[in-house]
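Engineer: Below you will find the structure I want to go over with you.
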Amino acid sequence: MEDLITSILTITIRAGTSLLYATLGEIYTERSGVLNLGVEGTMMVGAATAFAVAYHSDNIWLGLLAALLVGGLMALIHAFLTISLRADQVVSGLAITLFGTGLASFMGQRLGPGGTTMVGLQGPAFQRIPLPVLGDLPVVGPSVFTQDVLTYFLYLLVPVLWFYLYKTRFGLHLRAVGENPQAADVMGVNVTTTRYAYTIFGGVLMGMAGAHLSLGYLKGWADNITGGRGWIAIALVIFAMWDPIRAVIGAVLFGGINALQFRMQAAGTTIPASFLNMTPYFFTILVLVMITWWEVVRKRVGAPAALGIPYVREEKR
Amino acid sequence: MGIESPPSPAVQMRGITKRFPGVLANDHVDLEVYPGEVMALLGENGAGKSTLMNVLSGLYRPDEGEILIHGWPVHLHSPRDAIAHGIGMVHQHFMLVETLTVAENVILGLDTVGWVPRMEEVHRQIEALSEQYGLRVDPTAYIWQLSVGEQQRVEILKLLYRGADILILDEPTAVLTPQESADLSRTLRRMADEGKAVIFITHKLDEVMAFADRVTVLRAGKVVATLRTAETNKVELARLMVGREVLFRLEKRTCQPGEVALEVKDLQALNDKGLPALRGVSFQICAGEILGIAGVAGNGQRELAEVITGLRRATGGSVRVYGRDITNRSPREIIEAGISHIPGDRVGVGLVPNLPISDNLAMKAYRHPPLARGPLLDRSAMRDFARRLVEAFRIATPSPQTPARLLSGGNQQRVVLAREITASKGILVAVYPTRGLDVGATEAVRKALLEERDKGAAILLISEDLDELMQLSDRIAVLYEGQVMGVVVPEETTPEAIGLMMAGQRAEE
């Protein structure tokens, strides 16, 4: 029994890590008033880049760095289109995802040795290392405290992002820009810079999410490696009501469904695999419905008021 | 106090000119404001008051002219620059972030508070300022919890916290009850006594006389006069502002009420947040009568109009038209029942801005002949219809095919009025019908409403302009937090008595 809990906990966290990175990235992006639906595509390009660079350079850190850069770059495209050119955020985000999915698939076919496929290659990967002392605890030791570096970094990142958002001057600016950019502008906060900065930062975290898939969780490249995690992350943002701490709960929940699915398949259930694969999406829909109902009553914990709306300083009469 | 004592003005604007495409908003405007005085900037809508103050607060850049602050020439590129020079502005639409607290709004954008602001200290500083200037507000409250009057105090606190010594307020009393206005007037005086220069924009003559030491009158972008309030009067100011003699009284025949046209009984409804907005409203309006609804914005007026016109569900009570129950019927059934609606949001609800005027005018009549020919529209009949209404209601437009968005506010309202009056079968719900209109357009709208009344229409007039209500209404009902505080006859009451009811005091039985 103890082993079962340990193993479910381990897989939950491992599956939840990339979800949580992507969710945190989207939370910060949306807090600034920018909706980035390019999460799925950004993660996928991040995953492909991370693996390709790590494989050829045999340096996992170089792979990670490349994924972060590429994630930031893809978010920069979105930022330029939606903030500077004031393009529709939904259309731009969907375009980024379509573009990213295609690009990643192409990279997967051509960036293996000698221009061949990357599918099935063994590359460097982040290994799970038990933490000193904490790693010796029963149950949580071999699960929560035996993870890879990217997961450990996440343990630090969540409270930092929470503190930054609610307790610092910059977090205040971020929240204000997403809620009422005009008010922030009048008080001397640069709306454009703020939105660019957090959209790019969000993209970097999405790139990180992709890197964890190909270098940590799945340790290799496969077509459609993200498998809809980007979309789940967008749903998780709503589930978390734009709060980094609540995002953890969401990521654990969805990572857990993922883990259970593995266990059930391993136990040889007769339920078709397709149904198990459906569960996360089914829950996504359920959560969306629940939150939307709930929102009517508790409008005040809802989306940033200026989410999805381009900001134009009015120069009219 | 005032002109003689301090030698150097806090603000000198010299030859300020600001052009917008097709409009000369400010034409070589000179303005001086001294420390320790309250100065009124008086003018009609579109006279250039707000533009001038937006130049001073760094939002707009002037095309010509210079600004001197305490004698030094400055270039203001942004509101941030302006505040660095001690200039702060309270806009008509508050610039507050609803989901943040009072204190968070106050320190927003300040870099002197450190990376991790110590909020307890900020709270103490805000409380001290509140005390000093009589601006009572809880620094830990969220903006969405506050009344409009309190939100305005937060806006002022934001400026004081930044050490502003030149304060600009854009139509500050538009959203306040008479009592809140009196409080504000005391705050302005206190700020002036502390040596600050206070400028407020207004088009209300009473306020100029009550609040200000001096007044500068703008008309069509130019300064027409700068006077001491002690040496002028309302009649003179009105003439300066409008450029001709102004009749303060509209001709109004005594009301000859007929049978009850619209009856609202114990009406209840929720607002957008799901909270009760109407809590048992009852009244009757007879044919040939105007019932005015007074109240501070947000006390259920909008919801009342929406429930009557079928745009919002009633959760209880009834609406009857000539005895027929139309509660919670569809807007179309209600239109057929004879109710016309002049909505408060002219551009968002009243018009389709991108469609031509002719289509906007036809929007209620199109279902029936002569505009409809079976399932098709008769375009030539629509053109004739539009031409007739454009002429009858004197809508100034290049052609009936011009998109409605290109018209001025006054002409847009004429389009709405023309359509609704033409479609009306006896009942008119008019919500803020003259809001944002200049004196000429306002007069036309009011005349049209009185004419309809004399023709036997029952009119529900919702307005935030007490003068307008007193002038037009045969009876005034005062709405406070979704309840009628009392119904009064304008000739038998005073604005102060209505003001008390607007603040929640019931009329003595």
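The values are calculated or read from the model by the stated rules, or taken from the named source; none is laboratory data. Given the structure is predicted, the values throughout are model-derived calculations rather than measurements. Note that each Cβ is placed from the backbone with ideal geometry, even for glycine, and that neighbours are counted across all protein chains shown. Areas reflect the complete protein model, heavy atoms only, side chains present, ligands, DNA and RNA absent. Shrake-Rupley method; radii C 1.70, N 1.55, O 1.52, S 1.80 Å.
Engineer: So, of the residues in segment A:170-191 that are over 19 Å from residue A:83 (Cα atoms) and within 25 Å of the chain's Cα centre (by Cα), which turns out to be nearest to the other protein chains (Cβ to nearest Cβ)?
Structural biologist: Ranking the qualifying residues of segment A:170-191, first place goes to A:172.
Engineer: Which count do you get for residues in segment B:356-381 that are aliphatic (A, V, I, L, M), under 28 Å from the mean Cα position of the chain (by Cα) and open to solvent by 30 Å² or more (accessible area, probe 1.4 Å)?
Structural biologist: Count: 1.
Engineer: In addition: Report, by residue number, each residue of segment B:1-55 that is of a type in the set (D, E, K, R), modelled with pLDDT under 90 and more than 16 Å from residue B:222 (Cα to Cα).
Structural biologist: Of everything in segment B:1-55, just one residue is of a type in the set (D, E, K, R), modelled with pLDDT under 90 and more than 16 Å from residue B:222 (Cα to Cα), namely B:4.
Engineer: Which of the residues spanning segment A:36-65 are closer than 28 Å to residue A:87 by Cα and surrounded by fewer than 24 Cβ atoms within 10 Å (Cβ to Cβ)?
Structural biologist: A:37
Engineer: Just checking, how many residues over segment A:263-317 are within 11 Å of another protein chain (Cβ to nearest Cβ) and either closer than 18 Å to residue A:12 by Cα or at pLDDT 70 or above (or both)?
Structural biologist: Selection size over segment A:263-317: 5.
Engineer: Kindly provide the set of residues from segment B:194-228 that are assigned to a loop (DSSP other than H, G, I, E, B), aliphatic (A, V, I, L, M) and either buried (at least 21 other Cβ atoms within 10 Å of the Cβ) or not assigned by TED's automatic domain parsing to the domain that holds residue B:92 (or both), ordered by number.
Structural biologist: B:212
Engineer: Sticking with this structure for a sec: Which condition does residue A:201 not pass, out of (1) more than 14 Å from every other protein chain (Cβ to nearest Cβ); (2) in a loop (DSSP other than H, G, I, E, B); (3) not small (Gly, Ala, Ser), if it passes all the others?
Structural biologist: (2) is the only condition that residue A:201 fails.
Engineer: Pick from B:99, B:112: which is hydroxyl-bearing (Ser, Thr, Tyr), open to solvent by 30 Å² or more (accessible area, probe 1.4 Å) and touching a helix residue (DSSP H, G or I) at 6+ places or on another chain (Cβ under 6 Å)?
Structural biologist: Checking each option against the conditions leaves just B:99.
Engineer: What is the one condition in (1) among the β-branched types (Val, Ile, Thr); (2) within 28 Å of the chain's Cα centre (by Cα); (3) at pLDDT 90 or above; (4) open to solvent by 30 Å² or more (accessible area, probe 1.4 Å) that residue B:140 does not satisfy?
Structural biologist: Only one criterion is unmet by residue B:140, namely (2).
Engineer: For residue A:83, only one of the following conditions fails: (1) in contact with a Lys or Arg (Cβ under 6 Å, 6 or more places away or on another chain); (2) open to solvent by 60 Å² or more (accessible area, probe 1.4 Å). What is its number?
Structural biologist: Going through the list (1) in contact with a Lys or Arg (Cβ under 6 Å, 6 or more places away or on another chain); (2) open to solvent by 60 Å² or more (accessible area, probe 1.4 Å), residue A:83 breaks only (2).
Engineer: Also: Does residue B:88 qualify as being buried (at least 24 other Cβ atoms within 10 Å of the Cβ) and more than 29 Å from residue B:161 (Cα to Cα)?
Structural biologist: Here the answer is no, as residue B:88 does not meet what is asked.
Rundown of residues vs (1) touching a residue at least 24 places away in the same chain (Cβ under 8 Å); (2) in contact with a strand residue (DSSP E or B) (Cβ under 7 Å, 6 or more places away or on another chain); (3) assigned by TED's automatic domain parsing to the domain that holds residue B:458, yes/no style:
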{"residue": "B:317", "(1), (2), (3)": "yes, yes, yes"}
{"residue": "B:326", "(1), (2), (3)": "no, yes, yes"}
{"residue": "B:329", "(1), (2), (3)": "no, no, yes"}
{"residue": "B:364", "(1), (2), (3)": "yes, no, yes"}
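Engineer: Another question, then. Determine whether segment B:85-95 contains at least one residue that is under 30 Å from residue A:170 (Cβ atoms) and β-branched (Val, Ile, Thr).
Structural biologist: Within segment B:85-95, one or more residues are under 30 Å from residue A:170 (Cβ atoms) and β-branched (Val, Ile, Thr).
Engineer: Yes or no: segment B:66-76 includes at least one residue that is aromatic (Phe, Trp, Tyr) and within 30 Å of residue B:409 (Cα to Cα).
Structural biologist: no
Engineer: Within segment A:177-195, is there a residue that is surrounded by 14 or more Cβ atoms within 10 Å (Cβ to Cβ), touching a helix residue (DSSP H, G or I) at 6+ places or on another chain (Cβ under 6 Å), of a type in the set (S, T, N, Q) and farther than 23 Å from residue A:311 by Cβ?
Structural biologist: For segment A:177-195, residues surrounded by 14 or more Cβ atoms within 10 Å (Cβ to Cβ), touching a helix residue (DSSP H, G or I) at 6+ places or on another chain (Cβ under 6 Å), of a type in the set (S, T, N, Q) and farther than 23 Å from residue A:311 by Cβ: absent.
Engineer: Of the residues A:171, A:115, A:102, which is open to solvent by less than 70 Å² (accessible area, probe 1.4 Å) and modelled with pLDDT under 90?
Structural biologist: Values: A:171 fails: modelled with pLDDT under 90; A:102 fails: modelled with pLDDT under 90.
Step by step, each of A:171, A:115, A:102 is checked, and only A:115 is open to solvent by less than 70 Å² (accessible area, probe 1.4 Å) and modelled with pLDDT under 90.
Engineer: So, in segment B:265-310, how many residues would count as being of a type in the set (Gly, Ala, Ser), under 16 Å from residue B:479 (Cβ atoms) and in contact with a helix residue (DSSP H, G or I) (Cβ under 9 Å, 6 or more places away or on another chain)? Talk me through it step by step, then tell me what you get.
Structural biologist: Step one: filter segment B:265-310 for residues of a type in the set (Gly, Ala, Ser), giving B:269, B:274, B:277, B:280, B:282, B:287-288, B:292, B:294-295, B:297-298, B:300, B:305, B:310.
If we keep only those that are under 16 Å from residue B:479 (Cβ atoms) as well, we get B:269, B:277, B:280, B:282, B:292, B:294-295, B:297-298, B:300, B:305.
Filter once more, so that each one left must be in contact with a helix residue (DSSP H, G or I) (Cβ under 9 Å, 6 or more places away or on another chain): B:269, B:277, B:292, B:294-295, B:297-298.
Looking only at that region, the number is 7.
Engineer: Open to solvent by less than 20 Å² (accessible area, probe 1.4 Å) and within 14 Å of chain B (Cβ to nearest Cβ) - does that describe any residue in segment A:130-153?
Structural biologist: no
Engineer: Filter segment B:267-324 for residues that are charged (D, E, K, R) and closer than 24 Å to residue B:467 by Cβ; which is farthest from the chain's Cα centre (by Cα)? Spell out the reasoning first.
Structural biologist: Step one: filter segment B:267-324 for residues charged (D, E, K, R), giving B:272-273, B:279, B:289, B:302-303, B:306, B:312-313, B:320, B:324.
Imposing the further condition that a residue be closer than 24 Å to residue B:467 by Cβ reduces the set to B:289, B:302.
Working: B:289: 25, B:302: 14 Å.
Across segment B:267-324, the extreme among qualifying residues is B:289.
Engineer: What number goes with the only condition from (1) modelled with pLDDT of 75 or more; (2) of a type in the set (Val, Ile, Thr); (3) open to solvent by 10 Å² or more (accessible area, probe 1.4 Å) that residue A:226 does not pass?
Structural biologist: Just one mismatch for residue A:226, condition (3).
Engineer: Right, next: Of all residues in segment B:15-56 being open to solvent by 10 Å² or more (accessible area, probe 1.4 Å) and over 27 Å from residue B:434 (Cβ atoms), which is nearest to the other protein chains (Cβ to nearest Cβ)?
Structural biologist: Checking each candidate, the answer is B:19.
Engineer: Next question. Quick check on residue B:298: is it closer than 19 Å to residue B:501 by Cβ, part of a loop (DSSP other than H, G, I, E, B) and touching a Ser or Thr at 6+ places or on another chain (Cβ under 9 Å)? Break it down into steps so the answer makes sense when it comes.
Structural biologist: Working: closer than 19 Å to residue B:501 by Cβ: yes; part of a loop (DSSP other than H, G, I, E, B): yes; touching a Ser or Thr at 6+ places or on another chain (Cβ under 9 Å): yes.
Yes; evaluated as a whole, the condition is true for this residue.
Engineer: Out of (1) open to solvent by less than 30 Å² (accessible area, probe 1.4 Å); (2) of a type in the set (A, V, I, L, M, F, W, C); (3) modelled with pLDDT under 90, the odd one out for residue B:262 is which?
Structural biologist: Just one mismatch for residue B:262, condition (3).
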